[in-house]
Amino acid sequence: MKDFLRIEGLTVEYRSGNRRVHAVNDLDLQVGEGEVLGFVGETGAGKTTTALSILRILPDPPAKVLGGKVIFKDKDIFGLSEREMRAIRGEEIAMIFQDPMTSLDPVKTVGDQICEMILLHQRCSKKEAWQKAGDMLETVGIDRERASEYPHQFSGGMKQRVVIAIALSCKPALLIADEPTTALDVTIQAQILELMKELKKQYQSSMILITHDLGIVAEICDNVAIMYAGSVVEYGNVFDIYKDPRHPYTQALFDSIPDVHRDQDRLKVITGLPPDPTDIPSGCPFHPRCPHCTERCKTERPEAVYLNETHWARCIQAREEGRNDNG
Amino acid sequence: MKQTKEKRYSFAKETFARLMKNKLAVFGLFVLCVLVLTAVFADHIAPYAYDEMDLLNAYQSPGSGHIFGTDEFGRDIFSRVVYGSRISLKVGFIAVGISVVAGGLLGAVAGYYGGWTDNLIMRAMDVIMSIPATLLAISIAAALGAGLTNLMIATGIASIPTYARIVRASVLGIKEQEFVEAARAVGTRDFTILCKHILPNCLAPIIVQATLGVAFAILTAAGLSFIGLGIEPPTPEWGAMLSNARTYIRDYSYMCLFPGLAIAITIFSLNVLGDGLRDALDPKLRQ
């Protein structure tokens, strides 16, 4: 599979006054064509920041890209002019935002908002655009008559469908979905996931699915990147990661999922707190919480250890067998 | 999921329905409509021309023939008040138009771009604001000279900072919302985002302020005319008529009464309408 999105050493920080928040640190990532990547990490791990940097819509100031490259279809995103970038946004890379309640403009009809996207990127008349907007609504399971209604007349799940319709209306090559189901309740979550899975097949676009729900990842992703303190700590295909997680953080994440078949009084947790992004620990960022921490972990930043062609973990002990009590 | 119900009301309709529940606001709207009609059909309503003098019938008390009486030149006060509504409304709306457009644009740019642009524009607004609006209007009118156009420009400029501040404040809130980020993510230009997404969303406070602003503009214009910086005679303007009539206030008080009443009723109705609109557009009342 050809890599068509590659991120190398991306580093982003937010500056507020004298404080520097290291949101993304030296992040590496790749997404192949037609592939779904699950992007997992706790709140504040830098998932959304990474997504916004791919589209180059980070709020600057306070955010600042300090280094790294984002290569999309052999083009360096950071080297493009604003004009070239606008052509990519929406047409080649589209984004679905977390909260459908706020990601639609409340004073514009739903149809107008889909039309706006179509008219921006395709040469067609307003009438044709409106027609296409109706088609898109039908694709996501909404009556086309509702195109002339306003967002407040839709429920949360419906709004997310509209957001998906907007994102897909120009058939983007890459779709970034930033926690698309977090704001929805569980039954609607299932419907939206089903829809996204179906549309993904239909449109054959690649997708980055940002989430902190490992269940969702297992359901639709091909590859998984586990993120901790602004960098990817483990990457591999879903099968490898779920079967044989090698980074202690990944292992701890899986351990913290309650087992429904066993009687458990207390949930397992990862001891300690996520690191303060203004003061990331030296060496391996996970070392203060790691049960296998050694002296080397405290000083040396671990390189990626490849376990097979696609599966790697940033842990110096990743290759050691026997301490993986999960498998 | 209460919003899925068939609710075919658009936002404007809802707001209007809520406005109709406020009796005072309805009254304001009614008076305003009457006023606009009066201004449009002044030729048909006024029994005399506004500059028609009849020295034999000067100083007539209100009564038959001249329902509001006549002034020192025997001009019919009712006709002059009717014609005066044209000037007052024109001044009110155009002056507010100037300040809404200029202030709105400045405020929107300041709020959206932030940083030094924001600082530069808002500090300039602060400078203007530090001078009392009426005083500023007086000095601008004095510098430009008397006349209807200058009057409108003067009152318009004097209230630019108010609108700039209101628009900037709403833009600051709205630009952080996700739909703006979403618009940027689909490749919309900054200017388009500002005009098509942000400004329509901060229309509510602008409408309210503009309604109240019309009242202020009419009052300022009347004030400027009162001190002789506004309309040139014989054009009837309520402020100028009031100014003119103050000489005779002891003997012929009705000459002050009617233009004064006209100003008071107009301002009052605009104010209650503005208040009503503010309540009707209050986001806390939206379902």
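The values are calculated or read from the model by the stated rules, or taken from the named source; none is laboratory data. Bear in mind the structure is a predicted one, so any value in this text is a computation, not a measurement. As a convention, Cβ positions derive from the backbone with ideal geometry for all residues, glycine included, and neighbour counts pool all protein chains shown. Note: accessible area is taken over every heavy atom of the protein model, side chains too, but ligands, DNA and RNA are not part of it. Shrake-Rupley method; radii C 1.70, N 1.55, O 1.52, S 1.80 Å.
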Of the listed residues (B:Val167, B:Val180), the one being within 14 Å of another protein chain (Cβ to nearest Cβ) and either more than 21 Å from B:Gly276 (Cβ to Cβ) or crowded, with 20+ Cβ neighbours inside 10 Å (or both) is B:Val180
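Are any residues in the stretch B:219-232 assigned to a helix (DSSP H, G or I), open to solvent by less than 20 Å² (accessible area, probe 1.4 Å) and not β-branched (Val, Ile, Thr), and if so, which ones? Step through it out loud before you land on a result.
As a first pass, look at the stretch B:219-232 and keep what is assigned to a helix (DSSP H, G or I): B:219-226.
Subset that is open to solvent by less than 20 Å² (accessible area, probe 1.4 Å): B:220-222, B:224-225.
Residues satisfying the conditions are B:Ala221, B:Ala222, B:Leu224, B:Ser225.
Answer with yes or no whether A:Ile71 is more than 9 Å from chain B (Cβ to nearest Cβ), outside any helix (DSSP H, G or I), surrounded by 14 or more Cβ atoms within 10 Å (Cβ to Cβ) and among the hydrophobic types (A, V, I, L, M, F, W, C). I'd like the intermediate steps shown before the answer.
Values: more than 9 Å from chain B (Cβ to nearest Cβ): yes; outside any helix (DSSP H, G or I): yes; surrounded by 14 or more Cβ atoms within 10 Å (Cβ to Cβ): yes; among the hydrophobic types (A, V, I, L, M, F, W, C): yes.
Judged against the criteria, A:Ile71 is a match.
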Within the stretch A:77-99, can one find any residue that is touching a Gly at 6+ places or on another chain (Cβ under 8 Å), within 16 Å of B:Glu181 (Cβ to Cβ), open to solvent by 40 Å² or more (accessible area, probe 1.4 Å) and touching a residue at least 60 places away in the same chain (Cβ under 8 Å)?
-> no
Leading residue by the ranking (farthest from A:Leu195 (Cα to Cα)) among those in the stretch A:81-104 that are more than 8 Å from chain B (Cβ to nearest Cβ) and part of a loop (DSSP other than H, G, I, E, B) | A:Ser81
Residue by residue through the stretch A:258-273, note down the ones that are over 31 Å from the mean Cα position of the chain (by Cα) and open to solvent by less than 100 Å² (accessible area, probe 1.4 Å).
-> A:Gln264
State yes or no: is A:Ala133 touching a Leu at 6+ places or on another chain (Cβ under 9 Å), away from chain B (no Cβ under 13 Å) and small (Gly, Ala, Ser)?
-> no
Would you confirm whether any residue within the stretch B:65-81 is without any contact (Cβ under 8 Å) to a residue 24 or more places away in the chain, of a type in the set (Gly, Ala, Ser), more than 22 Å from B:Ala222 (Cβ to Cβ) and in a loop (DSSP other than H, G, I, E, B)?
-> yes
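Yes/no per residue for (1) among the hydrophobic types (A, V, I, L, M, F, W, C); (2) over 10 Å from the mean Cα position of the chain (by Cα); (3) at pLDDT below 85:
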{"site": "B:Ala182", "(1), (2), (3)": "yes, yes, no"}
{"site": "B:Arg189", "(1), (2), (3)": "no, yes, no"}
{"site": "B:Thr192", "(1), (2), (3)": "no, yes, no"}
{"site": "B:Ile198", "(1), (2), (3)": "yes, yes, no"}
{"site": "B:Cys202", "(1), (2), (3)": "yes, yes, yes"}
{"site": "B:Ile206", "(1), (2), (3)": "yes, yes, no"}
{"site": "B:Phe216", "(1), (2), (3)": "yes, no, yes"}
Does the stretch B:20-33 include one or more residues that are modelled with pLDDT of 85 or more, surrounded by fewer than 17 Cβ atoms within 10 Å (Cβ to Cβ) and in contact with a Gly (Cβ under 8 Å, 6 or more places away or on another chain)?
-> yes
Check the stretch A:148-160 and report whether any residue there is within 18 Å of the chain's Cα centre (by Cα), within 10 Å of chain B (Cβ to nearest Cβ) and crowded, with 20+ Cβ neighbours inside 10 Å.
-> no
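Of everything in the stretch B:98-129, what is of a type in the set (S, T, N, Q) and surrounded by 19 or more Cβ atoms within 10 Å (Cβ to Cβ)? Give them in sequence order.
First, pick out the residues of the stretch B:98-129 that are of a type in the set (S, T, N, Q): B:99, B:117, B:119.
Matches in the stretch B:98-129: B:Ser99 only.
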Given A:Leu52, A:Leu29, A:Leu37, A:Leu58, which one is out of contact with any His (no Cβ under 9 Å at 6 or more places or on another chain), at pLDDT below 85 and among the aliphatic types (A, V, I, L, M)?
-> A:Leu58
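Okay, residues lined up against (1) out of contact with any Pro (no Cβ under 9 Å at 6 or more places or on another chain); (2) surrounded by 15 or more Cβ atoms within 10 Å (Cβ to Cβ):
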| site | (1), (2) |
| --- | --- |
| B:Pro47 | yes, no |
| B:Arg75 | no, yes |
| B:Tyr83 | no, yes |
| B:Lys90 | yes, yes |
Any residue in the stretch B:91-102 that is without any contact (Cβ under 8 Å) to a residue 24 or more places away in the chain and not aliphatic (A, V, I, L, M)?
-> no
Please state which of the following conditions B:Ala164 fails to meet, knowing it meets all the rest: (1) in contact with a Leu (Cβ under 7 Å, 6 or more places away or on another chain); (2) farther than 20 Å from B:Gly92 by Cα.
-> (2)
Residue count, the stretch B:189-204, condition open to solvent by less than 60 Å² (accessible area, probe 1.4 Å) and outside any helix (DSSP H, G or I), comes to 1
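Residue check: is B:Thr235 on the phi < 0 side of the Ramachandran plot, in contact (Cβ under 8 Å) with a residue 40 or more places away in the chain and not in a helix (DSSP H, G or I)?
Numbers: on the phi < 0 side of the Ramachandran plot: yes; in contact (Cβ under 8 Å) with a residue 40 or more places away in the chain: yes; not in a helix (DSSP H, G or I): yes.
Taking the combined requirement at face value, the residue satisfies it.
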Out of all the residues in the stretch A:27-68, which are open to solvent by 60 Å² or more (accessible area, probe 1.4 Å) and within 17 Å of the chain's Cα centre (by Cα)?
-> A:Glu33, A:Thr43, A:Gly44, A:Arg56
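Listed residues B:Ala137, B:Ala133, B:Ala154; which is small (Gly, Ala, Ser), buried (at least 23 other Cβ atoms within 10 Å of the Cβ) and at pLDDT below 85?
Only one candidate passes the filter, namely B:Ala137.
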Subset of the stretch A:105-127 (residues that are at the interface with another protein chain (Cβ under 9 Å from one of its Cβ atoms) and crowded, with 24+ Cβ neighbours inside 10 Å) | A:Asp105, A:Gln113, A:Met117
Which residues, counting only those in the stretch B:247-270, are surrounded by 14 or more Cβ atoms within 10 Å (Cβ to Cβ) and in contact with a Cys (Cβ under 9 Å, 6 or more places away or on another chain)?
-> B:Tyr248
Of (1) more than 14 Å from every other protein chain (Cβ to nearest Cβ); (2) within 27 Å of B:Val272 (Cβ to Cβ), B:Cys202 satisfies every one except (1)
